[in-house]
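A quick write-up on the structure given underneath.
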Amino acid sequence: MNDTLVKIGKTVLKTPILGASGCSGWGEELKCFNDFKNIGGFVTKSITLNEKIGNEMPRIMETYGGLLNSIGLENKGIEYFIENILPSLKTFECAKFLNIAPFEADDLKKMIELLDCHSGFDGYEVNISCPNVTHGGISFNSSADEAETLIKSARSLTDKTLLLKLSPAFESSFEIAERAEAYGFDGITFTNTYIGTAVNVKERKFVFKNRQAGLSGSAIKPLSLMNVYKMSKRIRIPIIAAGGIKNLDDILEFLIIGATAVQIGTQLLIEPDILTRLSRELNLYLEKENIESVKKIIGSLKE
Ligand SMILES: Cc1cc2nc3c(=O)[nH]c(=O)nc-3n(C[C@H](O)[C@H](O)[C@H](O)COP(=O)(O)O)c2cc1C
């Protein structure tokens, strides 16, 4: 067996392949399709401090090579999560990150304080990059100074692994990542969805009530690959890449260009067993190519 382990903060991933937030549910949905013992892990759907009912329908639309979504962070809030979902999460034998989405500046502190005394998960993916809400969330991502007010105290609140998930929509993401590194974050998840939209021609109206939506899937892969490359020149902490990944070659491209691990979102909705399949394929690839460790691939781009 070749070495597919990677480490992010204190968390060891059995393979560098994770299910992305919003497409992995609460893990329960992946359970019957994937062998959790042989995958890296997954990130939960976004959790907010208070319940969010999400956006009006429609929330999802297929596009060429991708998907537009405007879910709007629907979830029942943190107390419901702790009581009803966290107990089952504990039983899954892979890495688990809680995606937490702050709306007000002190939400992050409140959420980590409520969660951190619990066990059964490895860390947090702080999401300041959701394009589908009208306030909070992504506005923290639009300026490095705004983001700083939020991220500067996070490290002092937890010893668990801390990731920050950033948007490709703002140039500020690169500076925010540098500041997150300085404040002790363990990794940067890059990228969230790209901002897009669609028009209903018959009605001459936006398809989505919120006008804009997040574009994901194969269509964004070359954009995310370039963004991850640029990010790799700015920070030394691990990058967990996301954006249109659907096969082993996609994963290898992101690792070669500098990502330490990857997340699969949209393709997981199409192939719910993809985490297990690609983890197995990565193992076979290392064996066939006689590469003793996946770490030899990370950042191996010849420029
Ligand atoms: C239906 C859907 C729901 C999503 N929900 C969330 C979410 O709740 N929180 C989050 O941080 N990202 C969310 N995302 C973004 C994904 O985690 C991922 O960053 C993005 O889709 C790019 O990866 P992909 O092209 O593999 O889907 C969602 C994406 C999709 C398609």
Regarding residue 110, is this residue charged (D, E, K, R), touching a helix residue (DSSP H, G or I) at 6+ places or on another chain (Cβ under 7 Å) and more than 23 Å from residue 207 (Cβ to Cβ)?
no
Name the one entry in 103, 33 that is more than 14 Å from the ligand (Cβ to nearest atom), over 17 Å from the mean Cα position of the chain (by Cα), among the hydrophobic types (A, V, I, L, M, F, W, C) and surrounded by fewer than 21 Cβ atoms within 10 Å (Cβ to Cβ).
33
Among all residue pairs at least 6 apart or on different chains, which show Cβ distances below 9 Å where the first residue, located in the range 154-171, is touching a residue at least 60 places away in the same chain (Cβ under 8 Å) and farther than 21 Å from residue 144 by Cα and the second is surrounded by fewer than 20 Cβ atoms within 10 Å (Cβ to Cβ) and basic (Lys, Arg)?
159/10; 160/10; 161/10
Just name the residue that is nearest to residue 259 (Cα to Cα) out of those in the range 200-231 that are away from the ligand (no atom under 16 Å from the Cβ) and either free of Cβ contacts under 8 Å to residues at least 24 places away in the same chain or assigned to a strand (DSSP E or B) (or both).
211
All conditions in (1) under 25 Å from residue 16 (Cα atoms); (2) assigned to a loop (DSSP other than H, G, I, E, B); (3) over 16 Å from the mean Cα position of the chain (by Cα); (4) of a type in the set (A, V, I, L, M, F, W, C) are true of residue 86 except (2)
Okay, helices (runs of 4 or more DSSP H) sitting entirely in the range 105-199 with 2 or more residues that are in contact with a Pro (Cβ under 8 Å, 6 or more places away or on another chain) and farther than 21 Å from residue 254 by Cα, I get 107-115
Can you give me the ranges of the helices (runs of 4 or more DSSP H) entirely in the range 235-290 with at least 3 residues that are more than 16 Å from the ligand (Cβ to nearest atom) and either over 18 Å from residue 220 (Cα atoms) or among the hydroxyl-bearing types (Ser, Thr, Tyr) (or both)?
274-288
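No lab work stands behind these numbers, since they all come straight from the coordinates. All values derive from a computational prediction rather than experimental measurement. Positions of Cβ are backbone-derived with ideal geometry, glycine not excepted, and every protein chain shown enters the neighbour counts.
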